[in-house]
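Q: Before I ask anything, here is the structure I am working with.
The values are calculated or read from the model by the stated rules, or taken from the named source; none is laboratory data. On a predicted model such as this, the values are computed, not experimentally measured, just so you know. Using ideal geometry, Cβ is built from the backbone for each residue, glycine included, and neighbour counts are taken over all protein chains shown. The area values use the complete protein model at the heavy-atom level, side chains included, leaving out ligands, DNA and RNA. Shrake-Rupley method; radii C 1.70, N 1.55, O 1.52, S 1.80 Å.
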Amino acid sequence: MPVDQTVNDLTILAATVNGSGSQSANLVLTRAIFSMGVPVAPKNVFPSNIEGLPTWYDLRVSARGYQARGGGPDLLVARNPQTWLRDLAAVRPGGAVVHDEVLPSAGQRDDVEYFPVPFARLARARIVSDALRKQLTNMIYVGVVAGLLGIPLDNVVAGIERTLQSKPRAWAPNIAAARVGHEYWEEHFAGRRIGHALRTVEGGTDGMVLVDGNQAAALGCVMGGCTVTAWYPITPSSSLCESLITYAERFRTDPVTGERRIAVVQAEDELAAVGMAIGAGWAGARAMTATSGPGISLMAEFTGLAFYAEVPVVIFDIQRLGPSTGLPTRTSQGDLAFVHRLGHGDTRHPVLLPGTVEECYEMAQQAFDLADRLQTPVFVLSDLDLGMNLWMSRPFAYPERPFDRGKVLTADDLEELEGRWARYRDVDGDGIPYRTLPGTRHASAGYLTRGSGHDDEARYTESPEAYLQTIDRLARKHDGAHALVPAPVVVSGGAPLGVIAYGSSHHAVVEARDLLAARGLRLDYLRLRALPLAPQVAEFVAAHERVYVVEQNRDGQLLGILRDGLPAELAGRLRSIRHYDGQPLAAGAITEPLLELEAVAV
């Protein structure tokens, strides 16, 4: 029996069955620990079917605030016979296993401690409601885990009330079910001490919130002045638009007249959704859509049209694995190369790469400004891990800058110009022309909108010279965008080695750098936050002997973009570390291959 306990540093894994109501129980556990002032980071790994397949909830507890997925669990809650042996095998030696008593532990492993609980029998005896018994049974394990780890019941109650804040009538039965589990722990396990414990940290999480990236992006859209949203549901992006609808009802409805100040349309498919958004962008609205990889495929042609016609629109891609019948509930960074060049011909798009929920909020706002400034589609590339899981964050700042609507000529401007202007002429040398908005009251405001077949005065033509002029100007505009998009974040301490990553990989890189430093291997870090590449990327690579590019896809898509964009002598310094099994990235998936590669290289 362990004497010394590790405090506020462990991984809890709840292995249950999809559709059994375990999500609420796991969220209660998360919020109970968070309310103790202890940093937590949950990862929900769930199947794509509605009910019946295995689901896992990985809860990282870290006094240092690490938010990447941990390694094997220190505490397993096992309630799924299908995965029992696999889940048990993953538990770290010395760990604890709370399991349904029907799951046999005899002869399986002797280096973990077992805590069998008769969940079904307790539920039948103590939960009165037949309708709620299945869901409330999971709340019993919350009570048992609270007892084992030392989570005060008051914090469990707080977690229940916060998780079910819109259903106060559900508080009492859930609290009662948690108490059933806690009482069982008191009667049967209170004298047993496991290797991990939780202790309240006064003020430990003060000023922090738990929020997922899709909620943050939706709030950013509201703050960014979005007035039109057209979307079609697809995992894992749906909750972004669903959250936007909720926020819009609260913040975009005139309290006096009840008039809505935003249009949200659920289209018949993704093609229609992006078409509506582009049409709204052409008409002067701040318009967006949200989807995932399969939806991006359907949006390719319209996106190319918006690129050539120079229509602002914001497209969120919450990345996941595979095609429409693939693995829609597994995370990935597999769309980077796809969206960067989406379309036909020589299309290139600005891509924003938020790495935190705070950046999901901020970059959603920046995306609308960039789309208007550059008059082009702007992608915001998140992923399932960042978009759907809860993350700790500071509260978001209220925007202080006015919207940037870019180069828009008003009727007064046109009057001053005596009506002489050309829609696609590069007046300022930055590749960005001026536009007017439909409804501008001036005789010269109108122009023909067309893809690539136009001259600089928006007249129809198939002239090779006019096409070259257009496509070269668009390249000039894209190249200049690097000065407008979010700059990379560089952490440099003069180390000979560097690492480049983006998006949700950031959190595993933070922890990996600490682990490697503890072994005497220091790494500088550049976190890429947008495409096109900023000059700082080449400067960073030039300052290091070798640079490891960490990303969550098989083919090293960012590595390819970097090699295309860097001089050959710098491209040769790049090495690749790739993770692509659909699970959120853990620090070990970086440290292990990097140590192996360094052993070869040194």
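Q: Using a 1.4 angstrom probe on the protein heavy atoms only, could you order Phe403, Phe189, Phe34 from most to least accessible area? Could you put the intermediate results ahead of the total?
A: Details: Phe403 110, Phe189 10, Phe34 30 Å².
Highest to lowest solvent-accessible surface, that is Phe403, Phe34, Phe189.
Q: About its Cα centre, what dipole magnitude does the chain give when the only charges are +1 on Lys and Arg Cβ and -1 on Asp and Glu Cβ, stated in debye to the nearest 20?
A: The dipole of the chain has a size of about 1260 debye.
Q: So which cysteines of the chain have no other cysteine's Cβ under 4.7 Å from theirs?
A: Here Cys241, Cys360 come out as lacking a disulfide-compatible partner, given the Cβ-Cβ threshold of under 4.7 Å.
Q: Can I ask one more? Would you kindly find the accessible area of Ser22, with a 1.4 Å probe and non-protein molecules such as ligands, DNA and RNA excluded, rounding to the nearest 10 Å²?
A: 10 Å²
Q: While we're on this one: Please report, in Å, the Rg and the Dmax of region 471-602, where both are computed over Cα atoms only.
A: 14.9, 51
Q: Right, next: With unit charges on the beta carbon (Lys/Arg positive, Asp/Glu negative), name the residue among Thr235, Val314, Ala285 whose Cα is farthest towards the positive pole of the charge dipole of the chain.
A: Value: Thr235.
Q: Ignoring everything except DSSP H segments at least 4 long, calculate the 222 nm mean residue ellipticity for the chain; use -39,500 (n - 2.57) per segment, divide by total residues, nearest 500.
A: Per the formula, -11500 deg cm²/dmol.
Q: I'd like the carbon and sulfur percentage of the solvent accessible area for region 551-596, probe radius 1.4 Å, heavy atoms only, ligands and nucleic acids excluded.
A: Roughly 43 percent of what the probe reaches on region 551-596 is carbon or sulfur.
Q: Averaged per residue, what accessible area in Å² does the chain show with a 1.4 Å probe, protein chains only?
A: 41 Å²
Q: Now a separate question. For region 1-110, what does the alpha-carbon gyration tensor say about shape, rounded, prolate or oblate, given a ≥ b ≥ c as the root eigenvalues, a/c under 1.5 as rounded, and a/b over b/c as prolate?
A: Verdict is oblate for region 1-110.
Q: Report in % the part of the accessible area of region 134-207 that belongs to carbon and sulfur, leaving out ligands and nucleic acids; probe 1.4 Å.
A: On region 134-207, the fraction of accessible area on carbon and sulfur atoms equals 48 percent.
Q: Please enumerate, by chain and number, the lysines with C-alpha under 21 Å from the C-alpha of Lys407, excluding those fewer than 8 residues away in the same chain.
A: Hits, sequence-local ones excluded: Lys477.
Q: Continuing with this model, one more query. Sort 368-379, 467-478 by packing, meaning the average of other beta carbons within 10 Å per residue, with the highest value first.
A: Result, highest mean first: 368-379, 467-478.
Q: What is the antiparallel percent of DSSP beta bridges lying wholly in region 1-160, to the nearest 5?
A: Of all bridge pairs located within region 1-160, approximately 55 percent are antiparallel.
Q: Right, here's the next one. Looking at the chain, what % of its DSSP beta bridges pair antiparallel, to the nearest 5?
A: 35 percent
Q: Return the carbon/sulfur percentage of the accessible area of region 424-475, one whole number, probe 1.4 Å, all protein chains in place.
A: Carbon plus sulfur share of accessible area: 50 percent.
Q: Could you point to the residue in Phe46, Leu29, Val61 farthest towards the positive end of region 21-78's charge dipole, with +1 and -1 charges on the Cβ of Lys/Arg and Asp/Glu respectively?
A: Value: Val61.
Q: A further question follows. For Cα extents along the principal axes in Å, the choices are (i) 98, 75, 50; (ii) 79, 57, 44; (iii) 88, 68, 43; which was calculated from the structure?
A: It is the value labelled (iii).
Q: I've got another one for you. May I ask for the angle, rounded to the nearest 10°, between helix 588-601 and the longest principal axis of the chain, with both axes built from Cα atoms and the value confined to 0 to 90°?
A: On a 0 to 90 degree scale, this one is about 70.
Q: Would you mind classifying region 52-143 by shape? Square roots of the alpha carbon gyration tensor eigenvalues, ordered a ≥ b ≥ c; an a/c under 1.5 is rounded, otherwise it is prolate if a/b is larger than b/c and oblate if not.
A: oblate
Q: Let me spell out the model: positive unit charges on the Cβ of Lys and Arg, negative unit charges on the Cβ of Asp and Glu, origin at the Cα centre of region 324-416. What dipole size does that give, in debye rounded to 20?
A: With only Lys, Arg, Asp and Glu charged at Cβ, the dipole is about 480 debye.
Q: So for each of 433-439, 24-30 I average, over its residues, the number of other beta carbons within 10 Å; can you give me the resulting order with the highest mean first?
A: The packing order, highest mean first, is 24-30, 433-439.
Q: Quick one: order Met363, Met223 from most to least accessible surface, probe 1.4 Å.
A: Largest to smallest exposure gives the sequence Met223, Met363.
Q: Now, a different point. Under 22 Å from the Cα of Lys167, which lysines turn up, not counting those fewer than eight places away in the same chain?
A: Once the sequence-local lysines are set aside, what remains near Lys167 is Lys134.
Q: Based on the mean of other Cβ atoms within 10 Å per residue, sort peptides 115-123, 313-321 so the most packed one is first.
A: Values: 115-123: 18.3, 313-321: 28.3.
Ranking, from highest mean packing down: 313-321, 115-123.
Q: Taking a 1.4 Å probe, which of His349, His344, His482 shows the most accessible area, and what order do the others take after it?
A: On the way: His349 0, His344 110, His482 65 Å².
Of His349, His344, His482, the descending order of accessible area is His344, His482, His349.
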